[in-house]
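One structure, as structure tokens, below. Some questions next.
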Amino acid sequence: MIAANTKFTSPADLESFVKTLHSSEDKTSRSVRVCIGTGCAAKGSRRLYELFVEAVKQSGQDIRIEAKHVGCHGFCERGPIVVIQPGDIFYQSVEEPDVPEIFRETVLGGRVIKRLLYEDPSTGKKAKRADQIPFYNVQQRIVLANNGIIDPTEISDYIAKGGYAGLAKVLASMTADEVIDEITRSGLRGRGGGGFPTGLKWRAAKDAEESPKYVVANGDEGDPGAFMDRSLMEGSPSSVIEGLTIAAYAIGSSQGYIYVRNEYPFAVKHLSMAIDAARDVGLLGQDILSSGFSFDVRINRGAGAFVCGEETGLMASLEGFTGEPRPKYILPVEKGLWGKPSVINNVETLANVPAIIVKGANWFASLGTEKSKGTKIFSLVGKVKNTGLVEVPMGISLRRIVDEIGGGVPDGKQFKAVQTGGPSGGCIPAEHLDARVDFDELTKLGSMMGSGGMIVMDEDTCMVRVAKYFTNFLQKESCGKCTPCREGLAQMLYILDRITDGEGQVGDVERLGVLAELLEDTPLCALGRTAANPVLSTMRYFRDEYDAHILQRRCPAKECRGLFRYEIDAEACKACGICLKECPVDAITGEKKVPHVIDQDKCTLCGTCWDKCPFTAVKKV
Amino acid sequence: MPTVTIDGCKVEVDRDATVLDAAKKAGVWIPTLCYHSSVSITGACRICMVELDRGDWRQLITACNYPVRQDIVVYVSSERARKARCGIMELLLARSPESEELKALAEQMGVKGTPYPTVTESQRNCILCGLCVQVCEEIIGQAAISFAGRGVDKTVASPFRQASEDCIGCGACAAVCPVGTIKVRVHKDEREVEISPFKSRAKLLVCKNCGAPTVSIEVAEQALSRLDIDIEEFRQLMQFCPKCRRSQAAACLKSAVFDKKKNECAAG
Ligand SMILES: Cc1cc2nc3c(=O)[nH]c(=O)nc-3n(C[C@H](O)[C@H](O)[C@H](O)COP(=O)(O)O)c2cc1C
Ligand code: SF4
């Protein structure tokens, strides 16, 4: 904790504070860290935290015990997660009744409760610490280094882990040009989707003539199912603020904004607390660390439109206008917010900056591939055993992410495709699973890095439906300003609808192709210009599924109603009569000891028999 | 001054002039819909797409708002540019199938019809170019209408879709509407003007002489307050319809000339 009225007045001041923090760390102290990230909180971890706080209060022990709430650990599949110090003991799937036992046995008694440890499903081996779990040991955490460790509402926790050392170094010893050179040499590229070189962007803004200049952190994160930026802002808000402050110093800005969607209340709260705390201790505001550099940050809450994540839409929204994109023939670095030079960076991009400053461009550039450096956070979801938030070095293969971190596809099903890049990304099939996580490699495959969504699909996924799902999302999120996106997506959806309804016409694939081409070339913003990707990538790799729907009125994955039938496998049927009783339209006939039969004329394809059959004798054909 | 080469024809324009400005200077026609020289440029309709040659790659740009900052080469009639413009037109035709103005433009562009069904109908025959919204706000200063909804549900509407009290019935929106969807209707009996489809109405002045409706009272008032002219004389003029004003003027003239002649005769 920082004493009231503490104000750091120089970089040296900050450094000596860190020293005192470290020396006062009691080696015998114990702590309970409860994850309150998105996944764990949804499973009730906030209540667990309260129970631990209560237990600490009531214990009356004179040893120091601390109950902390921390940001997302990433292993959401196994949440809520509780980590006990000393020993880094990693408990997963913790429930309320476990709290007294954990407190008594592990916190006070130092004994491990085996039942709560992670068990490797293939080897049956129990893991005591996170680094013994495959989900974690393939990962490399730079941006998420503090997640799961620090209390995001305590700036001293961040400072103790080396936070603000980057800003201190910049203010003490680097010119703006040196900062930009360092970031340029590191090879850092934007994590918000476009992959634009960050150093180049900063250089252009610094060189722009007009003033004032602005820096903006983009925390809008509108991709369905994504929670990378949310977890970062909730779990380590100060790293975003520090990165933004360094960006401001580099381009000569004294005012910054963080744009966060209002659906992320804890991101907003933790960021606000971190800003207030930084201001209180002199890391934001006038004359930061007596360097002469002044900078402050405001939070703006967005109403949740996907298109407000697009930089010009975001700026329009910040200015108080409808969040609609603007033409970008003159870039925001020249005319951005209120027509002034502005740098807008994704929050993950910014959170990389302090580490690059402290450890150096060479260190960062040594990670990853030739043109994609550092690490990338993904939210790994869909048909994998271990869903969650992962940070991996660039260059790792998709296969390792899916198989080693994700643990592969569950229930013995076949892997079919992995969708990367958010709603306007693409689906990568099994034959390209060895592709590396690299901006250019993913783009070549018809997908993209995007901001880091990763959805795994198995054999039961209909790829035409996948295309339709994302097209529908994008059509709903289109701002409607320009013709091709507004009208073209509606036409595409109309065709996709009829294909999945079994009414596809010969030539529909070609019609989709014509619309896709128009969409790639003509819309005003990148939402429209990338909106055909889901259709294009599924047509490229799964054309046979489109053809089966259109020419044979058949859905190979058996997901589209009306394009497959239910039949009872006579050999597997034990004639138990359950389906017969459950069928709401009396379409099933049969007697004792006689295999049952579905009357296809009566069947409405509701799927009840398929759900209820205890012998999985009902098949989709 | 940068040079723009359009389909091989070279023209010089001021820095930050648009490709459309250059095309006009070169005498090359590029279709436009949401562009109007009196209001700010949004680049929304995308009908003016042309191809920009960047040396190692080519890119489609909107001519109406692409600023010329150095010598550039663009193609209006290239296959890719033409295909893009026609594609946009086909989508618009599906959206606004009944607009004669749109059909005429399509014909001028060589687009015969549309392969698409009408699937977006948030507002019939409106292409959402936004000129009406802009003119009402930027030129008239009333902002009586604006965009409502978004995406395919986007429409142009008055607040809460009720007749707007801010509408002064000037009809500027109808005048700029490129597809003829906004109409000015005069209700003679009620001495009112209606702007359709916004349902707003404004009271009209009627000619002192023949009783024909002239202009909305509010427009006359605003004109009087904004113009730097002899108000009394203007007020007098506004009391008559253009026709009566003309015949009055003619009568005046006639009497002046006739009287002069008579006087001359008498003198002679
Ligand atoms: C439709 C659309 C949505 C976007 N959403 C986001 C977003 O939620 N977060 C983000 O950082 N960037 C988003 N972007 C990218 C931004 O426009 C911009 O490129 C980015 O914030 C720049 O930061 P970076 O260079 O650090 O990536 C979006 C782009 C588009 C076209
Ligand atoms: S491409 Fe779509 S989202 Fe972007 S400006 Fe056009 S209509 Fe709006």
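The values are calculated or read from the model by the stated rules, or taken from the named source; none is laboratory data. Worth saying up front: this structure is predicted, and the values here are computed from it rather than measured. Cβ coordinates were reconstructed from backbone atoms using ideal geometry, including for glycine residues, and neighbour counts include every protein chain displayed. These accessible areas exclude ligands, DNA and RNA; they are computed on the full protein's heavy atoms, side chains included. Shrake-Rupley method; radii C 1.70, N 1.55, O 1.52, S 1.80 Å.
Determine the percent antiparallel among the DSSP beta bridges restricted to chain A, to the nearest 5.
Beta bridges within chain A, antiparallel portion: roughly 55 percent.
Using label points projected 7 Å from each Cα along Cα→Cβ, tell me how many nm separate A:D440 and B:S40, to one decimal.
3.9 nm
Report the accessible area of A:H22, computed with a 1.4 Å probe over the heavy atoms of all protein chains in place, in Å² rounded to the nearest 10.
90 Å²
Still on this structure: Distance in nm between label sites at A:K581 and A:E178, each 7 Å beyond Cα in the beta-carbon direction?
Taking the two extended label points, one gets 8.1 nm.
What size of dipole, in debye to the nearest 20, comes out for segment A:50-155 about its Cα centre when the only charges are +1 on Lys and Arg C-beta atoms and -1 on Asp and Glu C-beta atoms?
With Lys and Arg at +1 and Asp and Glu at -1, about 420 debye.
Heavy-atom accessible area per residue, chain A, 1.4 Å probe: how many Å²?
Accessible surface, normalised per residue, equals 40 Å².
Let me ask something else. Between A:A42 and A:S272, take the C-beta separation as r, use R0 = 22 Å, and let me know the FRET efficiency to the nearest 0.05.
Using R0 = 22 Å, I get an efficiency of 0.50.
Please work out how much accessible surface A:I2 shows to a 1.4 Å probe, ignoring ligands, DNA and RNA, in Å² rounded to 10.
Only protein atoms counted, so the area is about 40 Å².
Can I ask one more? Determine the alpha carbon to alpha carbon distance for each of B:K112/B:K199; B:K199/B:K243; A:K416/B:K154; B:K10/B:K183; A:K128/A:K383; A:K413/A:K444 and list only those over 31 Å.
In this structure, B:K112/B:K199; A:K416/B:K154; B:K10/B:K183 exceed 31 Å between Cα atoms.
In whole angstrom, how far apart do the alpha carbon centroids of segment A:230-265 and segment A:170-227 sit?
Measuring centre to centre over Cα atoms gives 12 Å.
Also, quick follow-up: What average number of partner chain Cβ atoms lie no more than 10 Å from the Cβ of the residues making up A:234-241?
What the average comes to for A:234-241 is 0.
Moving on to the next point. Hey, can you grab everything whose amide H is under 5 Å from the amide H of B:K183? Only 5+ residues off in sequence or another chain; H modelled, so Pro and N-termini drop out.
B:S196
Show me the trypsin sites (Lys or Arg not before Pro) within segment B:72-167 that DSSP assigns to loop and that have at most 14 other Cβ atoms within 10 Å of their Cβ. Mind showing how you got there, number by number?
Details: sites: B:R80, B:R82, B:K83, B:R85, B:R95, B:K103, B:K112, B:R124, B:R150, B:K154, B:R161; in loops: B:K112, B:R124, B:R150, B:K154.
The qualifying sites are B:K112, B:R124.
Separation between the A:S29 and A:S254 pseudo-spin-labels, each 7 Å from Cα along Cα→Cβ, expressed in nm?
3.8 nm
While we're on this one: Select from chain B the helices, each a whole stretch of DSSP H, whose alpha-carbon atoms run 18 Å or more along the helix axis and whose Kyte-Doolittle mean is at least -1.0; answer none if there are none.
B:79-95, B:242-267
What shape does segment A:281-342 have by the C-alpha gyration tensor, where a ≥ b ≥ c are the square roots of the eigenvalues, rounded means a/c under 1.5, and otherwise prolate means a/b greater than b/c and oblate the rest?
Judged from the Cα gyration tensor, segment A:281-342 comes out oblate (a/c at least 1.5, b/c at or above a/b).
Something else about it: How high is the relative contact order of chain B, given as a whole-number percent (alpha carbon pairs under 8 Å, six or more residues apart)?
11 percent
Only sites in a loop by DSSP and with at most 13 other Cβ atoms within 10 Å count here; which trypsin sites (Lys or Arg not before Pro) in segment A:22-64 make the cut?
Taking segment A:22-64 and a limit of 13 other Cβ atoms within 10 Å, the loop trypsin sites (Lys or Arg not before Pro) found are A:K27, A:R64.
In segment A:555-576, whose amide N lies under 19 Å from the spot 7 Å out along Cα-to-Cβ of A:F615? List them in ranges.
Backbone N within reach: A:566-576.
Between B:D153 and A:D497, how high is the FRET efficiency from 1/(1 + (r/R0)^6) when r is the Cβ-Cβ distance and R₀ = 22 Å? Nearest 0.05.
0.80
With an 8 Å cut-off on Cα pairs and a minimum separation of 6 or more residues, tell me the relative contact order of segment A:1-103 in percent.
31 percent
Looking at A:I84, A:G339, A:G292, which one has the Cα that reaches farthest to the positive end of the dipole of the protein assembly as shown (charges on Cβ: Lys, Arg +1; Asp, Glu -1)?
Farthest along the dipole direction, towards plus: A:G339.
Under 11 Å from a point 7 Å along the Cα-to-Cβ line of A:K574: which residues of segment A:597-621 have their amide N that close?
Taking a point 7 Å out along Cα→Cβ of A:K574, the residues of segment A:597-621 whose backbone N falls under 11 Å are A:614-617.
Suppose every Lys and Arg Cβ carries +1 and every Asp and Glu Cβ carries -1, with no other charges. What dipole size does chain A come out with about its Cα centre, to the nearest 20 debye?
Once rounded to the nearest 20, the dipole reads 780 debye.
Counting alpha carbon pairs within less than 8 Å and at least 6 residues apart, what relative contact order, in whole percent, applies to segment A:66-156?
The value is 33 percent.
So how much slack lies between A:C606 and A:R543, counting 0.36 nm per residue of separation and subtracting their Cα-Cα distance, in nm?
Full extension of this stretch gives 19.9 nm more.
Taking the Cα centroid of segment A:1-63 and of segment A:553-571, what is the distance between the two, rounded to the nearest whole Å?
Result: 56 Å between the Cα centres.
Can you pull the mean other chain C-beta count within 10 Å for peptide B:5-11?
0
What lysines could a cross-link reach from A:K213, if we take a straight Cα to Cα line under 20 Å and drop same-chain neighbours fewer than 8 places away?
Correct list for A:K213: A:K201, A:K328, A:K335, A:K340.
Give the interface area between chains A and B as buried accessible surface, both sides summed, probe 1.4 Å, in Å² to the nearest 100.
2600 Å²
Ranked highest first by average number of other Cβ atoms within 10 Å, how do A:191-200, A:502-511 line up?
A:191-200, A:502-511
For n ≥ 4 DSSP H runs only, could you compute -39500 (n - 2.57) per run for the protein assembly as shown, divide by its residues and tell me the 222 nm figure to the nearest 500?
Counting only the DSSP helices, I get -10000 deg cm²/dmol.
Quick one: which residues, 5 or more positions from B:V73 or on another chain, have an amide H under 5 Å from its amide H? H modelled 1.01 Å from N in the peptide plane, none for Pro or chain starts.
Excluding prolines and chain starts, which carry no amide H, the hits are B:T5, B:D53.
Between A:R111 and B:E165, what FRET efficiency comes out of the Förster formula 1/(1 + (r/R0)^6) with R0 = 56 Å and r the beta carbon distance, rounded to 0.05?
Once the sixth-power term is evaluated, E becomes 0.15.
Using θ = phi - 60° and the Karplus form 6.51 cos²θ - 1.76 cosθ + 1.60, what ³J(HN,Hα) does each residue of segment A:585-595 get, whole Hz, x for Gly and Pro?
Result, rounded to whole Hz: 10, 6, 8, 10, 10, x, 10, 4, 6, 10, x.
Counting other Cβ atoms within 10 Å, which GluC sites (Glu not before Pro) in segment A:144-246 have at most 15 and lie in a DSSP loop?
A:E209, A:E210
What figure in square angstrom, to the nearest 10, would you give for the accessible area of B:L93 with a 1.4 Å probe?
20 Å²
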